[in-house]
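Let me begin by presenting the structure, written as structure tokens, before commenting on it.
The values are calculated or read from the model by the stated rules, or taken from the named source; none is laboratory data. Bear in mind that the values here come from a model prediction, so they are computed numbers and not experimental data. Using ideal geometry, Cβ is built from the backbone for each residue, glycine included, and neighbour counts are taken over all protein chains shown. To get the accessible areas, we keep the full protein, side chains included, count just its heavy atoms, and leave off ligands, DNA and RNA. Shrake-Rupley method; radii C 1.70, N 1.55, O 1.52, S 1.80 Å.
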Amino acid sequence: MVSRRDYLASVGAVSVLSGCLSALNGVPDLTEPVRPVESDDWYRTGSNNANTNRGSGRSQTFDLNEIVTQFDGNPHDVTGIVEKSEGIYISTSSSVHALSENTSWTRKMFEEETSWPREISGENTTGLVTGNDSLYVPTLERLYNLDAETGHVRWEYDVSPANATPLLSDQYIFVEDATGPAVHCLNIETNELNWVHEFDQQTPTGLAVLAGQLYVTVSDSTGSTLVAIDVESGERSFSSDALPRTAVPPVVSGDRIVVGHRNGTVSVLSETADVQQTVAIDSDENGILTPMAADAERVFTTSENSGSVGAIETQTGEVQWDVPFPRSVVPPIVCDGSVYFFATDGQVTEHEVDTGEILSQAEIGSDPSMAAYLGDSILVGTWDQLSIIKP
């Protein structure tokens, strides 16, 4: 672990030449960890009027139908959806949108190519996190802090989250750095770098927080390890024995951390990173390639090849239920005694969490890329539309 002061001192001590070489080699220049942004290009405000897929749902604090109709044009692959006090925030591969009944704003994160296939830019957005009156938007090359009310960029931070969404917990935001490899911890109240925890060779592949510890899965071509890092100090507390290579970020269920692997198994670990159970979900080598979800008692899994979804009781490791389902790449959503799964063919099913019984089904007609629970409705983003599902 490197403290903020030591990390900045080590970076500041290098010569201009070596600093240029570091930049060329992809090492973030953190001499100014959080840089205020003066100019704010590609930003606009105002109401939008675009024809978008409408549903019959509603929300507790706003009319979701009215908000969806404001969405300006093709969503271009929705990467994040979060609720705001009187509306929603949506990130796509190129933009961030704030949508409400009375006002809206859009901030383009890069000048998008109009031809197809378009060139992949380092500014492609990969998720969305909100907290402390800010939106935290990761791209392939840095992390941005946007004013949640106006959309203006407050600061940017050089880090390479790759396709990972940062994790926000209390006053800290944790960001994976694929080029480090490392995990960075920033204090969102002071906008300062708190610590950087570096790894030798293995790359961070997922984050979870439980009982004052940041749990990080780190992986290479041979396997993975679950590392526990003290949230306040950034010091390593303990780590697991060698695990199969991970496929998806870890999730927390009660006092357990659950990790899904590429060999079709799920590991259930204690707070001290000791493996309690290993459960086989798919015998194929590329079994679990999609994110999981959890409640306090169980974890819900989807498999790339077995054609099923299921629930595992995390205290015993027993498979509670397993039902047929097409391939899925969107994390399940757990709410109000139900779990929702989203298939790549546009099928959405609601299951009872204890038995797996199908309670309802819907078709959105397109491959989903992101879904979120908003009040009493579920909003699903695809490549070309937003769909509202009313449970």
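Computed quantities for the displayed model
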item: Cα gyration tensor shape for region 187-272, rounded if a/c is under 1.5, else prolate or oblate; result: prolate
item: Residues Leu359 and Gln315, FRET efficiency given R0 of 25 Å [Cβ-Cβ distance, rounded to 0.05]; result: 0.50
item: Glu235 paired with Ser221, simple spin-label distance in nm, labels 7 Å along Cα-to-beta-carbon; result: 3.6 nm
item: List Asp295, Asp354, ordered by accessible area with a 1.4 Å probe, largest first; result: Asp354, Asp295
item: For Ala294, residues with placed amide H under 5 Å, excluding near neighbours; result: Phe300
item: Cα lying deepest toward the dipole's positive end in region 182-322, options Val252, Ala211, Thr302, charges on Cβ; result: Thr302
item: Surface per residue (accessible, 1.4 Å probe) for region 222-276, Å²; result: 37 Å²
item: Solvent-accessible area, 1.4 Å probe, carbon plus sulfur percent, for region 228-358; result: 43 percent
item: Selection from Ser338, Phe325, Ala372, by position along the positive dipole direction of region 324-391 (Cβ); result: Ala372
item: Computed FRET value (nearest 0.05) for Asp322 with His152, which takes r as the C-beta separation and R₀ as 51 Å; result: 0.60
item: List Arg236, Arg262, ordered by accessible area with a 1.4 Å probe, largest first; result: Arg236, Arg262
item: Whole-Hz couplings from phi, Karplus 6.51/-1.76/1.60, listed for region 180-188; x for Gly and Pro; result: x, x, 6, 10, 10, 10, 10, 8, 6
item: Extension gain (nm, one decimal) between Glu352 and Lys108, 0.36 nm per residue minus Cα-Cα; result: 83.9 nm
item: Linear extension gain, Asp170 paired with Arg245, 0.36 nm per residue minus alpha-carbon span; result: 24.0 nm
item: Highest to lowest packing among 88-97, 130-139, 218-227, scored as the average C-beta count within 10 Å; result: 88-97, 130-139, 218-227
item: Residue-level accessible surface for Leu140, protein heavy atoms, 1.4 Å, Å²; result: 50 Å²
item: Counted charge near Ser221, where neighbours are those whose Cβ lies closer than 13 Å (Asp, Glu -1; Lys, Arg +1); result: +1
item: With all protein chains modelled, accessible area of Glu350 [1.4 Å, Å²]; result: 20 Å²
item: Solvent-accessible area of Leu359 with every protein chain in place, 1.4 Å probe, in Å² to the nearest 10; result: 90 Å²
